[in-house]
Amino acid sequence: MTFKQAQERGWQVKKGSKAATVVFFKKVEVGEEAAGTDDDGDRRVVPVLRSYPVFHASQVEGIPTYVPPLPEEVPWRKPETAATILDASGIKVREGGDRAFYSPTTDHIQLPPHSSFAGPEEWAATALHELGHATGHPSRLARDLRGRYGSQAYAMEELRAEIASAMLATELSIPADIPQHASYIDSWLAVLRRDRRAIFAAAADAQRITDWCLSQYPAYRAAQDADAEGDNIAAVTAADEPRPSIPAAVAALGPMPTHIARRLNPQPAAEAGPPPPSPAVEEVPTWTYAPR
């Protein structure tokens, strides 16, 4: 908060506290009566940029201790589909703290209290991102998760998880902030500029992550099993049916064009007869050159 905001509430910024600067940006639409309109007199957008010195709550005396709202007091609920997949995955999910991460050592996902998220979309995007990392465990898709922060291996894993998060949100009909996903992915692509195929490899791995996560959703798994069973029945039925002979299949097509019939059924060559008699010697013309 700013110094003024603290004073308005009867709180006091501690002496010697150093403020941090935050930047506020927005676009304001101006009309014909405002200065700076274009030649056509249309309304246009003007960017506004302001900075404010602010203080952290720990630097303010008198401010009450923050108490997070109870689950029933949060004005939104977790998306049921994402929560169902998370529960069915068998991966431990712990709530608390101010960071979201997956720990390969303990094989658990850590998420901040869901009351700290702005809404269900933000919670789902974060939870599905960490679930994407968790699929790399040796008991699941077995990826190498030992990459250090800033390394190419770490960047590749972040790409996989973020693309999978966007894919899952789309499949589950959860509103997703695609520009935000794209911005996150682009930040890690900067580490991988030397490998132009990295994004395609990450996308392929993300599809495997998505398929694994969706397979944990009971309704989706039942639909997949039903489709597979139908394909097997169709394959067995097709194998049991007698196959028509090639001539019968050709006859079922109807009369063929003449030029095709000739190629398929060429006429036998006529039997060779006796060679024609050789001409008599006197009948063979003799060519001579007579100069003019």
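Give the long-range amide H neighbours of V60: residues separated by 5 or more places, or on another chain, with amide H under 5 Å away, using H modelled in the peptide plane at 1.01 Å from N.
Residues meeting the criterion, in which the H sits 1.01 Å from N, are K14.
Keeping all protein chains in position, work out how much accessible area E61 exposes to a 1.4 Å probe, and write it in Å² to the nearest 10.
Per-residue accessible area (E61): approximately 100 Å².
Taking all protein chains together and a probe of 1.4 Å, list K15, K92 from the most accessible to the least accessible.
Largest to smallest exposure gives the sequence K15, K92.
Residue by residue through the stretch 187-195, which ³J(HN,Hα) values in whole Hz follow from phi under the Karplus form 6.51 cos²θ - 1.76 cosθ + 1.60 (θ = phi - 60°), with glycine and proline marked x?
Taking θ as phi minus 60°, the curve returns 5, 8, 5, 4, 6, 10, 4, 6, 10 Hz for the stretch 187-195.
Per residue of the stretch 105-112, in order, report the coupling 6.51 cos²θ - 1.76 cosθ + 1.60 (Karplus, θ = phi - 60°) as ³J(HN,Hα) in whole Hz, putting x for Gly and Pro.
Using θ = phi - 60°, the values come out as 5, 9, 6, 9, 9, 10, 10, x Hz.
Looking at the square roots a ≥ b ≥ c of the eigenvalues of the Cα gyration tensor of the stretch 101-176, which shape do they give, rounded for a/c under 1.5, prolate if a/b is larger than b/c, or oblate?
Prolate, since a/c reaches 1.5 and a/b exceeds b/c.
Given points 7 Å out from each Cα along the Cα-Cβ axis, report the A88 to A226 separation in nanometres with one decimal.
1.4
The values are calculated or read from the model by the stated rules, or taken from the named source; none is laboratory data. All of these numbers come straight from a predicted model, not from anything done at the bench. For neighbour counting, all protein chains shown are included, and Cβ atoms are generated from backbone atoms with ideal geometry for every residue, glycine included. Please note that ligands, DNA and RNA were not included when accessible areas were found on the heavy atoms of the full protein model with its side chains. Shrake-Rupley method; radii C 1.70, N 1.55, O 1.52, S 1.80 Å.
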